[in-house]
1. Could you grab the pairs with beta carbons closer than 9 Å, sequence gap of 6+ or different chains, first residue in region 91-110 and at positive phi, second one open to solvent by 30 Å² or more (accessible area, probe 1.4 Å) and in a strand (DSSP E or B)?
2. Would you say Ala72 is at pLDDT 95 or above and among the aliphatic types (A, V, I, L, M)?
3. Filtering region 106-117 down to residues that are more than 16 Å from Phe66 (Cα to Cα) and of a type outside the set (Ser, Thr, Tyr), which residue is most open to solvent (accessible area, probe 1.4 Å)?
4. Can you tell me which residues in region 35-63 are open to solvent by 40 Å² or more (accessible area, probe 1.4 Å) and in a strand (DSSP E or B)?
5. If I ask for residues that are surrounded by 14 or more Cβ atoms within 10 Å (Cβ to Cβ) and modelled with pLDDT under 55, which ones from region 13-34 would you list?
6. Can you find, within region 67-105, the residue that is nearest to Glu38 (Cα to Cα) among those that are open to solvent by 60 Å² or more (accessible area, probe 1.4 Å) and among the small types (Gly, Ala, Ser)?
7. Just checking, how many residues over region 24-62 are within 19 Å of Ser74 (Cα to Cα) and free of Cβ contacts under 8 Å to residues at least 24 places away in the same chain?
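The values are calculated or read from the model by the stated rules, or taken from the named source; none is laboratory data. Not measured: the values here are computed from a predicted model. Here the Cβ positions follow ideal geometry from the backbone for every residue, glycine too, while neighbour counts run over all protein chains shown. Ligands, DNA and RNA are stripped out before the accessible areas are found, and what is left, the full protein with its side chains, is counted by its heavy atoms. Shrake-Rupley method; radii C 1.70, N 1.55, O 1.52, S 1.80 Å.
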Amino acid sequence: MRTFVIKTALALVVALPALGAAETTIGWDEADKHVGEEATVEGRVVDVHCSPISCLLAFEPSYNRFTAVVQARSFDALPPAVLERRYKGKHVLVHGTIRQNDGKPEIEVASPEALTLAGTTRRAERGPESTPRAQAEAAQRLADVLARIEDLTERLAGVEERLDTLLAQMEQRDAALAAAESSLAPPPPAAGPAPPPAYQSLRSVKRGMSIADVQRLAGPPQYAQSNGGGWTTWYYDDGRTVSFDARGRVEALSGFSTR
């Protein structure tokens, strides 16, 4: 933002000569040197010739030099009778873009504002003495603009400082919140009991194994039943059973391979 303001100020400084320059006013006999430019051409209208298509205001009798042209589409604002009565033989100012037409310069006049009588007061306003005054006024306007830009730049600098402070405070707050959340996070779950032996382990139980071997391989039974005479049968929740004799050895298996 600060860079943009500085560039704007520099552009205004560069534009000072353009602001102070007076509007270009040239004589009708110099119009051919300014083709393509927007200017005010000054001279006396020696003749006016109108047709249904247009009206030509000539500044010399042959119509072969500079002319002001009023097309038929502008006759409502500039009627042919008014053009001849008001401007023939009069000193006028024609404002517009000078264009080349059939080898001669001309300005198309589309509104009364572009064609005015050059009275003594008007010529005095356009005289050389007006240029320093116009330049001084333009310089004063530019100085006022630059002062406002400088004030705006200072305000923007204060805003930037406050934004930097606010951003730093927000970053500190976010860091504190993150630290608080990490301290309140629940501890990782404790390791659970070892999973029961897989089915493949059950298949490894064989006749003759001890109670300790079966419990190590197949895990404790869902329940155990005493059968008398020291015999015991273990029942598992998947329907398998293991029977031990009085010595505590596997005597019978049910529901899984004995390999």
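1. If the second residue must be open to solvent by 30 Å² or more (accessible area, probe 1.4 Å) and in a strand (DSSP E or B), the pairs left are Gly96/Glu38; Gly96/Glu108.
2. On the way: at pLDDT 95 or above: yes; among the aliphatic types (A, V, I, L, M): yes.
Yes: the conditions hold for Ala72.
3. Within region 106-117, the subset more than 16 Å from Phe66 (Cα to Cα) is 110-113, 116-117.
The next check asks that each one be of a type outside the set (Ser, Thr, Tyr); those that pass are 110, 112-113, 117.
Numbers: Ala110: 63, Pro112: 57, Glu113: 141, Leu117: 67 Å².
Filtering region 106-117 for residues that are more than 16 Å from Phe66 (Cα to Cα) and of a type outside the set (Ser, Thr, Tyr), the one most open to solvent (accessible area, probe 1.4 Å) comes out as Glu113.
4. Glu38, Glu42, Arg44, Asp47, His49, Cys50, Leu56
5. Scanning region 13-34 gives Leu16, Leu19, Gly20, Ala22.
6. Among those that are open to solvent by 60 Å² or more (accessible area, probe 1.4 Å) and among the small types (Gly, Ala, Ser), it is Gly103.
7. Going through region 24-62 one residue at a time, the tally reaches 7.
To keep it simple, each residue is scored yes or no on (1) of a type in the set (Val, Ile, Thr); (2) open to solvent by less than 70 Å² (accessible area, probe 1.4 Å).
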site	(1), (2)
Pro132	no, no
Gln135	no, no
Ala143	no, yes
Val159	yes, yes
Gln169	no, no
Gln172	no, no
